[in-house]
1. I want the local charge near B:Gln272. Using Cβ-Cβ distances under 10 Å, sum +1 for each Lys or Arg and -1 for each Asp or Glu among the other residues.
2. Output the relative contact order of region B:167-301, whole-number percent, from Cα pairs under 8 angstrom with separation of 6+ residues.
3. Average the reciprocal distances over every distinct pair of alpha-carbons in region B:129-273, invert the result, and give the Kirkwood radius in Å.
4. Measuring from centroid to centroid over Cα atoms, what is the spacing of region A:274-320 and region B:273-352 in Å?
5. What shape does region A:1-69 have by the C-alpha gyration tensor, where a ≥ b ≥ c are the square roots of the eigenvalues, rounded means a/c under 1.5, and otherwise prolate means a/b greater than b/c and oblate the rest?
6. Rounded to the nearest Å, what's the spacing between the alpha carbon centres of region A:45-109 and region B:166-229? Just the number, please.
7. Obtain the nm distance between the two label points defined at A:Asn15 and B:Ala216 by a simple spin-label model: each point lies 7 Å from its Cα along the Cα-to-C-beta direction.
8. Considering protein heavy atoms only and a 1.4 Å probe radius, which residues within region A:14-49 exhibit an accessible-area decrease of no less than 40 Å² in the full assembly relative to the chain by itself?
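The values are calculated or read from the model by the stated rules, or taken from the named source; none is laboratory data. Just so we're clear, the structure is a prediction, and the values are computed from it rather than from any experiment. Cβ: placed from backbone, ideal geometry, glycine included. Neighbour counts: every protein chain shown. Just the protein is used for accessible areas: all its heavy atoms, side chains included, with ligands, DNA and RNA removed. Shrake-Rupley method; radii C 1.70, N 1.55, O 1.52, S 1.80 Å.
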Amino acid sequence: MKVKERHPLYQGLANIVGAGHVTDDDFACWATIGGIGIEVPPESQLVGPPDIVVRPQSTEQVSRVMKLAQRTSTPVTVAGAKSGIGGGHMPSEGGILLDMLDMDKVLDIDEDSMVVWTQAGCTWSKMLTELERKGLTTGFLGPCGNLSAAVGGGIALNSFGVNTPKYGHTGECVASLEVVLPTGEVIRTGTRSNQNANFTYRYLQGPDMAGLFIGGSGVFGVVTEAAFRIYDIPKYIEFTGFAFKSIEAALEAMYRMQRRRYVIDGMMLVGETVKMMVPQADPETIALLAVAFDDNDERIVKIQKEVCDEIALQCGGQDCGPEIAQLVVSNKWGLATTMSMSYGNAMECVVPTSTMNALRGRVKACLEHAAAHAPDLARVPHTDMPSNQCFALVSQQAMVLVGYLGNFTPWDKKLRQKCYQIDRDFQYWRIKELGDCVYWIGHRGTEAVVASWHPAYHEFLKKLKRTVDPNLILNRGILGLT
Amino acid sequence: MALEKYYPDARNCMRCGYCRDIVAPGSMGSPIRDPFGIDGVCPVYHEKRFDHYTARGRMQIVWGLLDGFFDYSPALAEHAYTCCGCSACTAVCWADAEKRGEEGIKTARIMRAMRQDVVDMGLGPPEPLKARDALIDAQGNPFGKPKAERSNWAKGLPLPQKGELVFWAGCYAAYEYPEVAQAVVKVLRAAGSDVACLGDKEGCCGMLELWDGNRAKAKERAESNVKALAEAGAKRLVVSCAECYDIFKNDYAELVGALPFDVVHTSQLFAQLLDEGKLKLGKPVNKKVTYHDACYLSRHNGIYEEPRKLLSSIPGLELVETRRKEKYALCCGSGADMLTTAFPDVGLAIAKRRAEELKEVADIVVTGCPRCLRNIAEGAKAQSLDLTARDLAVVLAEALP
């Protein structure tokens, strides 16, 4: 067995981060790829393993790594928890993988500015656990991969998830970012761009540059630290659930509740999903809407709930009690995880609530088309649920519809290939042709999203990219900028 | 290749990352609330911090290897020995649970299969384990102590070498912790059980070699041990070592066919005797203790209640729990001696963390595994913690009227 040659940058990187924090073993590099999704080689030709993995411990080390990579024109890909569905944490051309998970500290809980400063590799759960000890919380509680997802990934994708209806996506909860630019300079956004400011607020001191790095899949810089707005943990939480005999009626109720902005979170189950998730529901139930409210004042929670109860009843909903609603809303993470085997096949679309039913028809048609071509994929794994059924996560002004291609047995190579191709075709069709929009992009969505962009918009982003990243080394292959 | 049959398991991994660090605050109802605390799940990942040390990284490596994306190398061969086999990852794994109605992906077993392939290819085990296995070969124990001294612990306890209930002391109790073996006999006799012991005919159970990847050697030991136990007339084998218990219970039948005796851990037999009213624990033991779940008793074999029930039955004894307990308890870092032998720095680092956690709640820790006993003591000693580790049987013997 021949002695392995070290990567040409191994020593240079080891000098920056320490030898124990860098590896170029082939199996170690391979272990970083994959995610909750199907953007995985060999089915995917878009991604592959890095050549070398580096675990920086500080912003200063990230800066030095970026400078070394710029000098040598080496591609760099930034990775957090590596569990996204777009595959943005995987390189398209080898190079360096910047594994941010060692930068996992909660740095400061600033109760003057009411923000928490955390390093980008910190998991949402770790951050929330530390906040919880002080009776505090962020508004948005992280994406559905919350248990292990890192905040940097949430920022890169501008994820939605728990409490999005009230607090918005990740980006809307960000107060400031610290970013290492692809050329190695370190910047802070918002008030923190003022070198003498000692408080954190997003929208002062000029343009909202945090927005450039939110949802950008990491192409414009490496987020190393983030400040999120924080609040007292609400003392009171109420759940309420309604059964509807038509999806349209449930959507109307949800739309009217969202206009009131009382709902902190919600889910809508439709069709077979109702039977699967809530077997005790009335058999005639076509849609089950479950929502939650919270506040520190019990009276406010009660009033919010009463108003929403009235709305639901006016729309023809039947009160099915708080228990079912709590089960459904509380299990948002659980449901997402249960389904995560087929996350790669999930047809997730964010659309205005009022148009969701039309989208549902499109998703259904697509899934049925896919199932006709690949009958093996016609059911959700390990359930009796037909794959063309779906559920919706309530978003802020919209709903996120999730449908599945099912029965994905990942050890079956032919099925994997079929599934991958169907998914690509579908994503392209719906984003480019139908005008659907997605929050996850990564490598999986790049082709379709770029094809959907107005040419001037794409050119603008390219100009930005060339300005901040002259050698085009950071997160290559994503958003069609390199 | 032994690994091949695990291809579907490796491909089943959903890459959710729960096996790396699952922490869930209770807000808005995650179904899992902070079972491991913020220190994460995999004790080895906690020390090494690269993805290839997590269960999901290891599964990725397994299918990458089997699909031919890379080949075995000395580095990968060594890496196969870094999984401590504690199965904390399996405790939080959703993958197989959803797909097959079983527990999560059994990474420990899969890594054992990889080590078997590594040994078959002549790439392993690492030198320290080879040296340790040579001692087992020569003397029938991993300490290299004379075979003839194996039954020294039983001097003064005239034990028959034949009987229906046979006590298997194991290498650790026989050579390193004779008081454990003596206490087992004392407790059994106090409960009216006639117990026999193989004496110097007892050898190594083969667990260490099996988990090193040397299946052929483990099979040899299994054949020899089963033969000796059958000749002794054993109908029931009682084992005080968690690792010995695991191989007898879970691997011997596969290695040599159906066993002519059943296998119980001391905690199970003691609990049965307690339930039957035969074991009386009447003497007060006025101490506050905590219980450490040995991986090979708890996650590997589901023994959680019996030791706690026994300890709770002792008058005056206050049993307190650590933050991470039962299914979610942190490994002691021994990894069936694999970590402590091949990667002692990692083993000690984990032991120190576990000792700290235990010391948070009590000055005395009770466990049902001699390796845990030793490693926790080492972890405490390394940071000058006043923490005493004791075997369950020893504490029970103290409570005998």
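1. Details: positive: B:Lys278; negative: B:Asp275, B:Glu276, B:Glu306.
With Lys, Arg at +1 and Asp, Glu at -1, the net is -2.
2. 26
3. On the way: mean 1/r = 0.0664 Å⁻¹.
Result for region B:129-273 stands at 15.1 Å.
4. 46
5. Oblate is the answer for region A:1-69, as a/c is 1.5 or above yet b/c matches or exceeds a/b.
6. 50
7. 4.9
8. The answer is A:Asp26, A:Phe27, A:Trp30, A:Ala31 - residues whose exposure falls by at least 40 Å² when every protein chain is included.
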